[in-house]
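S.K.: Sharing a structure with you now.
A short reminder: the numbers here are calculations on the coordinates, not readings from a lab. These numbers were taken from a predicted model, which means no experiment stands behind them. So basically every Cβ, Gly included, is an ideal-geometry build from the backbone, and we count neighbours across all protein chains shown.
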Amino acid sequence: MKKLFIFSAFAVIGITVISSCKKSISSSLSSGPNAHMSATINGASFSGSFCYDTLESGLMEIYGYKYNGGTTTPYPLLGIVIGVYTGVGTYSLGFVGSALNNYGYIDSSVAATPACQYGTVTITSVSPNLVGTFSFTCPDSTKVTGGTFTATNR
C-alpha cells in the first residue's frame, strides 16, 4: 500500500510538471521542411509533420505533432523533456531515484498522460537540426517504440 501511495504521488507530480510545460501552438508556428517525428504507439503508427525543440537554461523540450491549422494544440502530441541537457548522447527517461529528471509523454486530449516510467532518448546530431531516436513506456502501459525525430531549433 505504501508503494502504491508513493507511486501515485510521483504520478501526480509528473502530471503537474507536464501540464506546466505544455506549449500553446499557433498558426504562425512553422516547423521547417525537414522537421518531423514518428513512432509506434501501442502498435499504431504516429507521424507528426511538425517537430520543434526549445532549449532554455539547460532544459530541452522536444514536441512532435500533426498541425491542424488552428490555434489550439493538435492531438496527439508527443513530448520529450530532458532536465539537464548536455548535447549529443543517450538520456534515460523516467524516475532517477525519487526525481523525475527526464521524461516522455503522450498528450492525446486536454490532459497529458502521466510521465513515462522508463525509456531512452538519444540525440545523434544538434546542427543544423536536433536529430534523434526515442522509446518509452507510460504508467498506463502505453508503449512508444521506434521513435525518430528531426526538430527545428526554436
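S.K.: Taking 0.36 nm per residue of separation and subtracting the Cα-Cα distance, what length does fully extending ASN34 through TYR75 add?
M.R.: Roughly 12.7 nm would be gained on extension.
S.K.: Turning to a different aspect of this structure: Less than 13 Å Cβ to Cβ from TYR85, Lys/Arg counted +1 and Asp/Glu -1: what total charge do the surrounding residues give?
M.R.: Result for the local shell: -3.
S.K.: Between ASN42 and SER125, what length comes free when the chain is fully extended (0.36 nm per residue of separation minus the Cα-Cα distance, one decimal in nm)? Walk me through the numbers on the way to the answer.
M.R.: Values: separation 83, 0.36 × 83 = 29.88 nm, distance 2.73 nm.
Gain on extension, ASN42 to SER125, equals 27.2 nm.
S.K.: Pull up all non-local amide H partners of GLN117: gap of 5 or more, or a different chain, and H-to-H distance under 5 Å with H placed in the peptide plane.
M.R.: THR137, CYS138
S.K.: Then there's this: Name the long-range amide H neighbours of GLY147: under 5 Å, sequence gap of 5 or more, or other chain; modelled H, no Pro or chain starts.
M.R.: THR40, PHE134
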